[in-house]
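Quick notes on the structure that follows.
The values are calculated or read from the model by the stated rules, or taken from the named source; none is laboratory data. What you see is a predicted model, and the numbers here were worked out from it, not measured in a lab. Positions of Cβ are backbone-derived with ideal geometry, glycine not excepted, and every protein chain shown enters the neighbour counts. SASA here: full protein model, heavy atoms, side chains in, ligands and nucleic acids out. Shrake-Rupley method; radii C 1.70, N 1.55, O 1.52, S 1.80 Å.
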Amino acid sequence: KGYRHEATEMGVGCLAMIEAAVSGLCYSRSVAGSGDTLDIFFAAGSAQGIVDGIRSTHHFLLERTPPHRLLQRTLCPETPGALLTEPRAVDLAAMAMALENHFGAPQDIEWSIDPAGDLYILQSRPISMTGQATASSSLPALEDERMLLRGGVTGCAGVGSGPVWIVRTTAEMLQCPKNAVLVVKHPLPEWAPLLKRATALIAETGSEAGHLATLSREFGLPSLLALPQAIETLHNGAMVTVDAGNRAVYRGRIEELLRETKPKPNPMEGSPVQKTLQAVLAHIAPLHLLDPTAADFQPANCRTMHDITRFCHERSVIEMFAFGDRHHFDQGAAKRIRDNTVTEWWVINLEDGFHPDSMLDGPEITTADIISRPMLALWEGMHARPWEGPPPVPLTTMATFLVQSAIRAGLDPTLSSLPGQKNYFLISKNYCNLSVRLGYHYAMIETMVGRRPIDRYITFHFKGGAAADGQRIRRIELLADVLAKFDFRIDLMGDGLTARIEHGTETFLYDRLKILGYLTIHTRQIDMALTDARAQQLYSKTFIQEIEEMLNHDQ
């Protein structure tokens, strides 16, 4: 909730353990039924398995008003043991309403009954509930071929869409990407840190009373529980849409359902920590030094930490590539690659990236002088299909661009990159780092393709552009869609993207480097043309088709 732990005091409570015959949870206002009912979930023994979502759970639905008539009884024959009698359920309902009246809000109550029949209230706290938690979609379930799964229990109503990510182990938990649909066997409390990253939750067991279901309501995260065969039916990376209110999972992204989605609540909103971070962030995040070629790109104009890091990065790259020339150290001098394009590509050999028999006395080299296989794979992708030049720009976009160009000198949509800009390769035989600035976006690719699978990875960073915010973000979403198609893990933030792949065969990684080489060239300035979702889909389809043709041609 955003309160510093140093500013709070914590009491220590000491309780005798109860030899529980039957235990459970009671919601003094039903989380799934009508507003005039309450829920009692219970099982024999302690309630631990209910909270962890690993036990089948009995359920009573009662009226909130006396005499608390029992309206619905759902029993699970596969979990024998002591059951809650109807008179004891009525007593518990009366106690729940007394607690609600005392605390002034509907309560989430944990309770136990011992073998002597005595009722113990173990905990009572406000029900974690967002405005949309119990509200079903105004649209009915879509009964068509897109439906993959149907049934289960609604933990929190709502609609979420994203690629499937199945978590069985801690390692899979650590690899969970942002904006994924989280799929688990049991809704264990240990998966709770993933809820902030997910767009929806699916579990094969559990109930509305489980800890993870409670947290999903607190975060407004659509959650569907007790859905058998979810892990068997769904596969990592597959795009699905979860309609938790209608208890259905669909193939693909269902826009008519997603249009009803409400923003997730922010538990930190208005807290002391949030206010402090907002004040600090103003000195960290904004970037004012946009153009390294501008006259005002100077240390004195650094106003934030972002400005400082950007300035240091640009100047360090220039110094690194000028070192060989400045100190007459030919072996370490940057060499320009002789190419038939106007773009400048420069390379520094860190160790063994050049052919040992090449003559390297001059300022230029050809790709025949290079034996860095990761770099050659990137280069092949960059030249697999010629770039057709800047895309046609709609008049409305051009008007926006002209306004920006009046502010940022040097913007010219007809150029492939700014005049005098250089793009740098750092290479060795098995390593390559490429820093690219083309058409007002920035990209960095780093890769190692070693002998052992553990020594193989690719990291790709992409950010920026000259178009409006919405168009830059569409380009990032386009890149994310294409890269996810070819097995990259994606992390998005605004108009920036990070994609990564680890391990795999050498051939697999070289193919992915060719893909990044292709995208580096062909995504420049398309943000200017991405004025709507239709253009984004068209480019995505074209890129995927051309990449598949490129990879199939190489086989």
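The calculated FRET efficiency for D144 paired with A98, based on their beta-carbon distance and R0 = 51 Å, is about 0.60.
Ordered from largest to smallest accessible area (heavy atoms of protein chains, 1.4 Å probe), the residues Y457, Y3 come out as Y3, Y457.
Take the Cβ-Cβ distance between S316 and E255 as r, set R0 to 41 Å, and report the resulting FRET efficiency rounded to the nearest 0.05. It comes to 0.35.
Placing S435, S372, S34 in order of accessible area, with the largest value first and a 1.4 Å probe, yields S34, S435, S372. Local charge sum around C432 (other residues, Cβ-Cβ under 13 Å, Lys/Arg +1, Asp/Glu -1)? Around C432, the surrounding residues sum to +1. The Cβ shell under 9 Å around Q536 holds other residues with a net charge of 0, Lys and Arg each +1, Asp and Glu each -1. Its relative contact order, with pairs defined as Cα atoms under 8 Å and 6+ residues apart, puts the chain at 9 percent.
Round to the nearest 10 and give me the degree value, 0 to 90, for the angle of helix 533-554's Cα axis relative to the longest principal axis of the chain. The angle comes out near 60 degrees.
Once the Cα atoms are used to define both axes, helix 506-522 deviates from the longest principal axis of the chain by about 70 degrees.
Once log10 I(q)/I(0) by the Debye sum over Cα atoms at q = 0.07, 0.08, 0.12 Å⁻¹ is calculated for the structure shown, the corresponding label among (i) -0.62, -0.72, -1.14; (ii) -0.56, -0.69, -1.17; (iii) -0.35, -0.47, -1.13 turns out to be (ii). Amide H contacts of C156: S223, each under 5 Å away and 5 or more positions distant or on a separate chain (H built 1.01 Å from N in the peptide plane; Pro and chain starts excluded). Taking the centroid of alpha carbons for each part, segment 195-229 and segment 435-469 are 35 Å apart.
Holding the Cα-Cα limit at 24 Å, pick out from K429/K541; K422/K514; K429/K485 the pairs that are longer than that.
Those over the limit are K429/K541; K429/K485.
With K and R counted +1 and D and E -1, the other residues having a Cβ less than 10 Å from that of S207 yield a net charge of -1.
To the nearest ten degrees, helix 373-383 and the longest principal axis of the Cα atoms of the chain are 80 degrees apart. Remark: segment 169-180, residue by residue, has Karplus-estimated 3J(HN,Hα) of 10, 5, 4, 5, 5, 5, 8, 4, x, 6, 6, 9 Hz, where x stands for each Gly or Pro and the curve is 6.51 cos²θ - 1.76 cosθ + 1.60 at θ = phi - 60°.
Ranking T170, T57 by solvent-accessible area of protein heavy atoms (1.4 Å probe, all protein chains present), from largest to smallest, gives T170, T57. Rounded to the nearest 10 square angstrom, M448 shows an accessible area of 60 square angstrom against a 1.4 Å probe. Only DSSP H runs of four or more residues enter the estimate; each adds -39500 (n - 2.57), and after division by the residues of the chain the mean residue ellipticity at 222 nm equals -9000 deg cm²/dmol.
Most tightly packed first, judged by the mean number of other beta-carbon atoms within 10 Å of their residues, the peptides 515-522, 344-351 read 515-522, 344-351.
Averaged per residue, segment 458-538 has 36 square angstrom of accessible surface, using a 1.4 angstrom probe with ligands and nucleic acids left out. Please work out whether segment 235-295 counts as rounded, prolate or oblate from its C-alpha gyration tensor, where a ≥ b ≥ c are the square roots of the eigenvalues and a/c under 1.5 means rounded, while otherwise a/b larger than b/c means prolate and anything else oblate? Taking the square roots of the gyration eigenvalues as a ≥ b ≥ c, segment 235-295 is oblate. Nearest 0.05, what FRET efficiency do A116 and H5 give at R0 = 51 Å with Cβ-Cβ as r? Using R0 = 51 Å, I get an efficiency of 0.80.
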